Amino acid sequence: MSAGSGTPFRGTVGKTVADSKPWWPEAVKPPEGAPNILVVLFDDVGFSDFGCYGSAIRTPTIDRLAAEGLRYSGFHTTAMCSTTRAALLTGRNHHSVGVGCLANFDSGYPGYRGKIAREAGTLAEMLRVHGYRNYMVGKWHVTPLTESGATGPFDGWPLGRGFDRFYGFLDAETDQYAPELVSDNTHIDPPGTYADGYHLTEDLIDQAIRFIGDHHADRPEIPWLTWVALGACHAPHQAPADIIRSYDAAFAHGWDVEREQRLARQKAMGLVPPETRMPARNDGVKAWEEHSADERRVFTRLQAAFAGMLDHSDRHLARLVAFLETSGIRDNTVIIVMSDNGASQEGGPLGFVNAMGPFNFKPEPIAEKLARIDDIGGPDTHSNFPHGWAMASNTPLRRYKQNTHGGGIRDPFVINWPKRIAGKGELRHQFVHACDLTPTLLELIGIEAPSEIAGCPQMSLEGESFARSINDASAPSKSSPQYFEMFGHRGLWQAGWKAVSFHPSGTPFENDKWELFHLDEDFSETNDLGAKEPERLAAMIATWWAEAEKHKVLPLDDRFGPRFAENAARFHGARHHFVFHAGMGHVPTDVAPDVRSRSYTIEAHVEIEERGANGVLISHGDATSGYSLYVRDGHLVHDLNIGGSHQIVRSDRKVPSGARRLGVHVERLVRREPPAKGSRTGVTAYTLLIDDEPVGSLQTQLGFHTLISWSGLDIGRDRGSPVSHYEAPFEFEGRLLRVTVTMHDDQKLDGDAVGNAQMARQ
């Protein structure tokens, strides 16, 4: 007889209670004194961006945690967000657990499934069996986005991987004023709007406080893990305008001066050795003074938006830390603050005010950027800073996110634990990798990773605990070599040395140039010793190949553009007809009909009373990009919004009352297969239809060639950030029976362009 949880019943059951003996299974108890754990994971924040790592950006909360805890100068990530999250959560290398690249696609090889393998339990799953409660807020991005819709499957969502509560978003990024939110396993509307003063960061911190507060009101004796993965500072860089503008003067001197100032502070702090040299500017980055005055003004504001977003996040993190203090629980709470990879290169050489236009071949010249300078950071922008500022964020390291040089993989890491950390404000210089975090936390708690979770045998942990370094500044770094690989870029750290290669996409891997650096003496990777020590370099390259085979890195594949396009085609398969009903919504972009570079027809079946009916029939996207079919002032309207450029067609007559079919037929008239680099892909005609009768049309060269939007699809309304010139949600007032989308078989995507747009999304 079972006790109900698989445990044999150890009492006795007689005919009556008089001759029976009850028994209760003993509750799982965590080790005595087990700490709470708060992980605060920033996104795309470079090595030098926190104030306590050399920046002039105001981060007093993080700086205080560092002053009362420890800063690590040798914390390394995996160069991208999904992959670092997989390593942090599992204690294994990201290829080993099936997340070799991104959650956005499955390439068909074991290391590249885009989803954490069941054999690789997460930290939350490991802690759960020891009595912890686990809460997650913010960015997840280790679920294939084709599995992020209303039907899941949910086994890869946070609640399917050990967390008890979840409030956040599943994609790589989201609009901070109108986010694509999920509560537990349900897509929901944001609780506010930009007009109300809503911002996602504030909301996420509110939810973290709520989860922890509810926990301590109910079961204060049980420890918890709360994982706070902010959208900051991933694009779009969005924050209150007053905070953004307060940084204009701070960064007017440009990225060259900024790098020098940050390096000087880092040396003064002891964060980097005094002999650390500043690398030359990254490829393609011009001196600040070589840019025009207009360019410098725009670039400064784009950097100010990034800084403002980080500053704003620090202000709200202060509320969470204060809550722990006033609740009397901070003393035994391990607080970790870190970033998932280096600063982003996705802003390109000139940055973006609204990246959605250029992603679809609509240029954004500097004059247009300048005209919209005061919009930067607001609800109708999707801004990102230029390469020069990303380079400054990564001071004094080379290259960026996506790359395996230091700028992509070396990141800030702060740990604070009042009860256990004695060396307050000290630095630690050990080499540490993201996959080492879970083993470290397990050791600090005093537990081991389970050999089985929910009946599934578990892989061994691949990371090594660095717990001993917390109280011993002289503790050695990890004993095993650590490989790196991302989009063909490769690297290997071993005993203080690093071999690394930059891989130009589309070139033979055997042509890659490997460099050799003695990191213990060359923090910024400026002195290539490959020619002086060819035997050491050859041995390290051989070790890299051995590690790559061991950890499922192979086969090497730099075709990330075509892979994104192939993944989308494979997911939708032969399906060409979609039916949506009133009340549906929150359909993620990767699940919604893929109308990029193709012909299609949308038809809404409605019933309209004599008084008429206005409102949205179908919308996909937001104020930065998307399309919407709606009725306004009695007329049928279609808006093609490409990067804020609205191509609007309005019916030449009003929609009659009664049962009607309202639609739009979209036809690509001219195609290049594939389109020329950086070009538009021809002319597209948009024809409005009422009961199959044409009632208006337009032709345009604009269209969705590589990306529709990060925001999803809605039926009967347009929630959050409106695609067109109406006030959201602009719900349809008539009776909406259904909306059909029929795809025509003429899609020809430019794989490279799709890849570039998708990469900017990560």
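Identify all residues within the stretch 443-501 that are aromatic (Phe, Trp, Tyr), under 29 Å from the mean Cα position of the chain (by Cα) and under 28 Å from Lys513 (Cα atoms); write none if there are none. Matches in the stretch 443-501: Tyr483, Phe484, Phe487, Trp493. Can you spot a residue in the stretch 102-109 that is modelled with pLDDT under 95 and aliphatic (A, V, I, L, M)? For the stretch 102-109, residues modelled with pLDDT under 95 and aliphatic (A, V, I, L, M): present.
Yes/no matrix, rows are residues, columns are (1) surrounded by fewer than 19 Cβ atoms within 10 Å (Cβ to Cβ); (2) over 30 Å from Cys101 (Cβ atoms); (3) among the hydrophobic types (A, V, I, L, M, F, W, C):
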{"residue": "Lys286", "(1), (2), (3)": "yes, yes, no"}
{"residue": "Glu289", "(1), (2), (3)": "yes, yes, no"}
{"residue": "Val298", "(1), (2), (3)": "no, yes, yes"}
{"residue": "His312", "(1), (2), (3)": "no, yes, no"}
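Residues that are within 16 Å of the chain's Cα centre (by Cα), assigned to a loop (DSSP other than H, G, I, E, B) and modelled with pLDDT of 95 or more within the stretch 144-170 comprise Trp157, Leu170, listed in sequence order. So is Ser246 within 22 Å of Ser383 (Cβ to Cβ) and loosely packed, with under 15 Cβ neighbours inside 10 Å or not? Against the criterion (within 22 Å of Ser383 (Cβ to Cβ) and loosely packed, with under 15 Cβ neighbours inside 10 Å), Ser246 does not qualify.
Restricting attention to the stretch 109-162, the residues that are within 24 Å of Leu200 (Cα to Cα) and surrounded by fewer than 20 Cβ atoms within 10 Å (Cβ to Cβ) total 7.
Per-residue answers, yes or no, for (1) aliphatic (A, V, I, L, M); (2) part of a loop (DSSP other than H, G, I, E, B); (3) closer than 17 Å to Ile329 by Cβ:
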| position | (1), (2), (3) |
| --- | --- |
| Ile205 | yes, no, yes |
| Glu221 | no, yes, yes |
| Thr226 | no, no, yes |
| Ile244 | yes, no, no |
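For the stretch 173-187, a tally of residues being in a loop (DSSP other than H, G, I, E, B) and touching a Phe, Trp or Tyr at 6+ places or on another chain (Cβ under 8 Å) returns 9. Beta carbons closer than 8 Å, at least 6 apart along the sequence or on distinct chains, pair a first residue in the stretch 162-175 that is in contact (Cβ under 8 Å) with a residue 24 or more places away in the chain and in the same structural domain as Ile453 (by TED's automatic domain parsing) with a second that is aromatic (Phe, Trp, Tyr) and surrounded by fewer than 24 Cβ atoms within 10 Å (Cβ to Cβ) for Arg165/Phe211; Phe166/Trp157; Tyr167/Phe211; Leu170/Trp157.
Listed by first and then second residue, the pairs linking a residue in the stretch 196-209 that is within 20 Å of Gly377 (Cα to Cα) and touching a residue at least 12 places away in the same chain (Cβ under 8 Å) to a residue that is in a helix (DSSP H, G or I) and among the hydroxyl-bearing types (Ser, Thr, Tyr), with Cβ atoms under 7 Å apart and 6 or more places separating them unless they lie on different chains, are Thr201/Ser313. Only residues that are surrounded by fewer than 23 Cβ atoms within 10 Å (Cβ to Cβ) and touching a Ser or Thr at 6+ places or on another chain (Cβ under 8 Å) were counted across the stretch 612-632, and they come to 1.
It is to be established whether one or more residues within the stretch 566-577 are within 26 Å of the chain's Cα centre (by Cα) and within 30 Å of Val500 (Cα to Cα). Yes: the stretch 566-577 contains one or more residues that are within 26 Å of the chain's Cα centre (by Cα) and within 30 Å of Val500 (Cα to Cα). Only residues that are among the charged types (D, E, K, R) and either farther than 15 Å from Ala117 by Cβ or over 21 Å from the mean Cα position of the chain (by Cα) (or both) were counted in the stretch 60-102, giving 4. Does Glu32 fit the bill of being free of Cβ contacts under 8 Å to residues at least 60 places away in the same chain and of a type in the set (Asp, Glu)? Taking the combined requirement at face value, the residue satisfies it.
The values are calculated or read from the model by the stated rules, or taken from the named source; none is laboratory data. Everything numeric here is computed off the predicted structure, so don't read it as measured data. All Cβ positions, even for glycine, are placed from backbone atoms using ideal geometry, and neighbour counts span all protein chains on display.
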